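The values are calculated or read from the model by the stated rules, or taken from the named source; none is laboratory data. Keep in mind that what you see is a predicted model, and the values were worked out from it rather than measured. Quick reminder, even Gly has a Cβ in these numbers, built from the backbone with ideal geometry, and neighbours come from all protein chains shown. With ligands, DNA and RNA removed, areas are computed over all heavy atoms of the protein, side chains included. Shrake-Rupley method; radii C 1.70, N 1.55, O 1.52, S 1.80 Å.
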Amino acid sequence: DGGITQSPKYLFRKEGQNVTLSCEQNLNHDAMYWYRQDPGQGLRLIYYSQIVNDFQKGDIAEGYSVSREKKESFPLTVTSAQKNPTAFYLCASSFQGGRQPQHFGDGTRLSIL
Amino acid sequence: KQEVTQIPAALSVPEGENLVLNCSFTDSAIYNLQWFRQDPGKGLTSLLLIQSSQREQTSGRLNASLDKSSGRSTLYIAASQPGDSATYLCAVMERETNAGKSTFGDGTTLTVKP
């Protein structure tokens, strides 16, 4: 079945540590997105990528980094510079142009040890 | 900067009731609007996508309308069921080349009581 796989489901970060969240899709989508969701709030865009080897900052990119070396994969690294990383992270993908719905993974919950 | 507001933040209704969820946005120059459902601890599931040229979309007991000029969309749920209990989010996509960036509302948490 086609879909988006995020791993791990739960992740714990120590102070000063970088952690990487995985996002893989087999929907043949061009565009991929990373969102952050805090309790009781909507989603805020961290980074997005329209094609391989290209990505742009969203509204809250500080303290995060991404890469897009393959069409299927869009990993997100939460760096030690992100001082408040505890949140629910959601990856999404879609065909370019916005005429088709965005599809989401089941998320990764990141907490601080 | 686009802002999306959803009212009410929470709603509790008895089973069988028809209900309306509201979404408003500040910049009417949108490309499309999408309604999502989110169950606790899960990702988002797309319910309906309305292009800027459309007025409404229907899927089963769900009907979403779009009024760009007034910056509003509504999601109508007919004959609500306990299984409809979830958080419903709307998202507007900007018309910026093919960027496809979306701005989300904070959601309406719906509880349908048996």
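Here are the numbers:
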item: A:TYR89 vs. criteria of a type in the set (Ser, Thr, Tyr), within 14 Å of chain B (Cβ to nearest Cβ) and in contact with a strand residue (DSSP E or B) (Cβ under 9 Å, 6 or more places away or on another chain); result: yes
item: Selection status of B:TYR76, assigned to a strand (DSSP E or B), surrounded by fewer than 17 Cβ atoms within 10 Å (Cβ to Cβ) and modelled with pLDDT of 95 or more; result: yes
item: Tally, over the stretch A:80-91, of residues that are at pLDDT below 95 and hydrophobic (A, V, I, L, M, F, W, C); result: 1
item: Test: A:ILE46 is under 30 Å from B:SER53 (Cα atoms) and either open to solvent by 70 Å² or more (accessible area, probe 1.4 Å) or hydroxyl-bearing (Ser, Thr, Tyr) (or both); result: no
item: Any hit, the stretch A:69-77, residues being small (Gly, Ala, Ser), away from chain B (no Cβ under 14 Å), surrounded by fewer than 21 Cβ atoms within 10 Å (Cβ to Cβ) and not in a loop (DSSP other than H, G, I, E, B); result: yes
item: Residue count for the stretch B:25-46, restricted to those that are touching a residue at least 40 places away in the same chain (Cβ under 8 Å), part of a strand (DSSP E or B) and within 11 Å of chain A (Cβ to nearest Cβ); result: 10
item: Residue selected from the stretch B:5-38 under the condition farther than 28 Å from B:LYS113 by Cα and open to solvent by less than 50 Å² (accessible area, probe 1.4 Å), by the criterion nearest to the chain's Cα centre (by Cα); result: B:LEU33
item: Within the stretch B:42-61, considering residues that are within 20 Å of A:GLY40 (Cβ to Cβ) and open to solvent by 40 Å² or more (accessible area, probe 1.4 Å), the one modelled with the highest pLDDT; result: B:THR45
item: Residues located in the stretch A:96-113, provided they are surrounded by fewer than 19 Cβ atoms within 10 Å (Cβ to Cβ) and more than 9 Å from chain B (Cβ to nearest Cβ); result: A:SER111, A:ILE112, A:LEU113
item: Failed item in (1) modelled with pLDDT of 95 or more; (2) over 30 Å from A:TYR10 (Cα atoms), with B:GLU96 passing the rest; result: (1)
item: Strands (runs of 3 or more DSSP E) wholly inside the stretch A:1-55 containing at least 1 residues that are farther than 22 Å from B:ARG37 by Cα; result: A:10-13, A:19-25, A:43-51
item: Unmet requirement for A:ASP54, which otherwise passes all of (1) buried (at least 21 other Cβ atoms within 10 Å of the Cβ); (2) within 13 Å of chain B (Cβ to nearest Cβ); result: (1)
